[in-house]
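Single-structure report; data block below.
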Amino acid sequence: MDLIHPQLAAFAAVLEEGSFEGASRRLSVTPSAVSQRIKALEDRLGQVLVVRQVPCRPTPAGEQLLRRVRPMQALEAEALADFRPEGVAAASGRAIAIAVNDDSLETWFVAALAQLHQQHGYLFDIRVDDQDHTLDLLRDGSVLGAVTAQATPLQGCNVHPLGTMRYRAIASPAFARRFFAGGLDAAAFACAPMIVFNRKDALQWRFVRRVTRARLAPPIHYLPTSTGFVDAAARGLGWCLAPESLIEPVLRAKKIVVVDPSRWLDVPLYWQHAAVRSGTLQRIGQALREAAGSALRA
């Protein structure tokens, strides 16, 4: 059941499901009906809103509209919940789209999701990206809120600090002896293989420039897994930065070492979300702050 206009509901469903067929299954109408609703909405606004490809994606005008529709969906779900019989869970409702960086997802974030689901029956649609890029998903309307490294709020959004994630440079003992026996300098970093999450990941580069003030071209492994980072370092694949909470058990087992205990990289994290008076967003923000408070530095 949708309280918002059927054309807007079809528009959001197409982008969330990635296709007209997926939207038709969710809305229990034919793909043709979904297409007609989208076309009627585009005619009303005088703008093309959806790029018809697989998966469907919004045009710039569609992104602008989607940023407005996302908060409307949250308020709609709350309005419907007010009329739900007592004891009937909300888990059959629409999933809440949130963007988060992989390191948070692998450490403290899931605890907040579990609490919210148990207490309120929320479903979640989690999108993962680098902490410097999750805000792009909030900007284009893909998500309702984002865990981000960006402190400046987007227009129409609120921002709340969560805490600081501290990263340490780690390697296997043998790797550290081979490449860093003389300390951390440009010559060592230029030769030592470096493990990077993906091509958006700038943490290792920031650490190298902070230590050496040099722009280097070391050998690189691309390995898109946070937990796999620590295992790869322990197996001698290369050196990398990893969150303190992920490395502690492996460090105690002496499978890795911190290559320089006097140096680290701190990344402040924030929760940004659409600035609407929503009980759902308030509860999500509170749960995220509590979970982050037990895992991140103040």
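Values as computed for the structure displayed
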| item | result |
| --- | --- |
| Exclusive hit being of a type in the set (Lys, Arg) and either assigned to a helix (DSSP H, G or I) or crowded, with 21+ Cβ neighbours inside 10 Å (or both), set 168, 127, 199 | 168 |
| Every pair of residues 6+ apart whose Cβ atoms lie under 7 Å, when the first sits in segment 255-277 and is charged (D, E, K, R) while the second is in a strand (DSSP E or B) and at pLDDT 95 or above | 260/169; 263/169; 266/164; 266/166 |
| Only listed residue being under 30 Å from residue 71 (Cβ atoms) and out of contact with any Pro (no Cβ under 9 Å at 6 or more places or on another chain), chosen from 277, 215, 263, 209 | 277 |
| Condition met for residue 158 (of a type outside the set (Val, Ile, Thr), outside any loop (DSSP other than H, G, I, E, B) and within 19 Å of the chain's Cα centre (by Cα)) | yes |
| Residue count, segment 211-245 (criterion: surrounded by fewer than 22 Cβ atoms within 10 Å (Cβ to Cβ) and closer than 17 Å to residue 101 by Cα) | 9 |
| Residue check for residue 282: out of contact with any strand residue (DSSP E or B) (no Cβ under 7 Å at 6 or more places or on another chain), part of a helix (DSSP H, G or I) and within 16 Å of residue 76 (Cα to Cα) | yes |
| Qualifying residue in segment 148-161 (condition: over 25 Å from residue 298 (Cβ atoms), without any contact (Cβ under 8 Å) to a residue 40 or more places away in the chain and outside the structural domain of residue 230 (by TED's automatic domain parsing)) | yes |
| Residue satisfying all of: in segment 264-281; of a type outside the set (Ser, Thr, Tyr) and at pLDDT below 95; nearest to residue 138 (Cα to Cα) among these | 274 |
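The values are calculated or read from the model by the stated rules, or taken from the named source; none is laboratory data. Here the structure is a predicted model, which means the values were calculated and not measured. Cβ: placed from backbone, ideal geometry, glycine included. Neighbour counts: every protein chain shown.
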